[in-house]
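Throughout, read-outs are computed from the coordinates displayed, never taken from laboratory work. From a predicted model like this one, the values you see are computed outputs, not experimental measurements. Please note: Cβ atoms are built from the backbone with ideal geometry, for glycine as well, and neighbour counts cover all protein chains shown.
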Amino acid sequence: MGEEHKDRRILIVDDQQLFAETLRRALVYEGFSRVAYETSASESGIYQKSASFKPDLILMDIHLNELDGFSLSEEILTKHPNTIIIMLTAFGYEDYIHKAMAIGASGILLKDVSIAELIKSITMAEKGDFIITNFNTIASKTRNSGQRPDWFNNLSERNQEILRMIAQGFSNDEIAQALHLGKQTVKNYISRLYAEMQVTNRFQAIRTILEVMPEYSHK
């Protein structure tokens with residue numbers, strides 16, 4: 001992606017502030033200079049942010065508490081048809097694809113897409129392609145319904161505490177200092193946790209943690 005593309009304004013709309021901030025930081029780290037987010041999950045707040053920030057591209061969560069991301073996106077695209085909107089979802093329901101196409105969105109991605117895949121998708125969307133996540137890779141994902149996954153239930157208290165600190169944005173060094181552990185020991189803990197969760201990086205880990213333990217976002 002050229003530097004002119006990375007100068008585009010990107011707006012993240014998601015009611016989970018930790019997710020939005022993590023995604024914003026990841027995009028900024030990758031060289032996108034103008035990235036903002038809106039987490040109010042109110043129609044007026046989202047419309048006002050969109051009007052003031054004037055995004056070239058919006059990453060829109062489908063579920064925003066009581067709001068419908070599709071309806072919000074359709075309204076925005078009616079007023080600003082040149083805006084690129086990519087829908088985000090934690091669950092791969094096929095009917096979402098048809099809804100995204102119907103409202104004029106530029107695609108739909110699962111929320112645990114890697115940053116590299118997200119950037120590639122943004123590039124493709126800017127070229128006019130419609131982006132579709134490979135839902136088959138995560139077809140087994142279902143809503144948690146209050147039950148903890150097996151991998152979480154088998155964790156020690158120490159591992160659960162480390163998960164909580166990861167979700168709250170602590171770095172490896174901060175975790176080591178707070179728990180009086182060596183840096184390599186913390187690294188080993190986290191590597192094993194990633195393997196249990198079947199993720200490869202901290203961004204994916206935070207999303208997975210917050211899906212099954214949303215209360216972990218609170219310090």
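For region 3-138, just say rounded, prolate or oblate: build the C-alpha gyration tensor, square-root its eigenvalues into a ≥ b ≥ c, call rounded for a/c under 1.5, and beyond that prolate if a/b exceeds b/c, oblate if not.
rounded
Give K6/K99; K54/K79; K111/K187; K54/K120 a once-over and call out the pairs whose C-alpha atoms are over 19 Å from each other.
In this structure, K6/K99; K111/K187; K54/K120 exceed 19 Å between Cα atoms.
Region 175-191 to region 57-80: how many Å between their Cα centroids?
40
Test of understanding: what is the full-extension gain from A116 to N188, defined as 0.36 nm times their sequence separation minus their Cα-Cα distance?
Separation in residues times 0.36 nm, less the Cα-Cα distance, equals 23.5 nm.
Of the chain, which part is the longest with no GluC sites (Glu not before Pro) in a loop (DSSP not H, G, I, E, B) and with at most 11 other C-beta atoms within 10 angstrom?
Longest gap between qualifying sites, sites excluded: 95-219.
Search the structure for amide H atoms under 5 Å from the amide H of E38, placed 1.01 Å from N in the peptide plane, and list their residues when 5 or more places away or on another chain.
Those lying under 5 Å, H to H, from E38 are I12, V13, D14.
Which order do K6, K111, K187, K79 fall in if you start with the one that has the fewest other Cβ atoms within 10 Å?
Going from sparsest to densest Cβ surroundings: K79, K187, K6, K111.
What FRET efficiency would be calculated for the residue pair S40, K79, taking the C-beta separation as r and a Förster radius of 22 Å, to the nearest 0.05?
0.70
On full extension of the chain, what length is gained from S33 through L179, given 0.36 nm per residue of separation minus the C-alpha to C-alpha distance?
49.1 nm
If you average the sequence gap of Cα pairs under 8 Å that are 6 or more apart and divide by the length of the chain, what percent do you get for the contact order?
15
Taking the beta-carbon count within 10 Å as an exposure proxy, list S42, S171 from fewest neighbours to most.
Listed from fewest to most nearby Cβ atoms, that is S171, S42.
Run down the aspartates and glutamates and flag those whose C-alpha is under 18 Å from the C-alpha of K183, throwing out any fewer than 8 positions away in its chain.
Output for K183: E161, D173, E174.
Between the helical axis of 69-79 and the dominant principal axis of the chain, each derived from Cα atoms, what acute angle in degrees is found, rounded to the nearest 10?
The answer is roughly 30 degrees.
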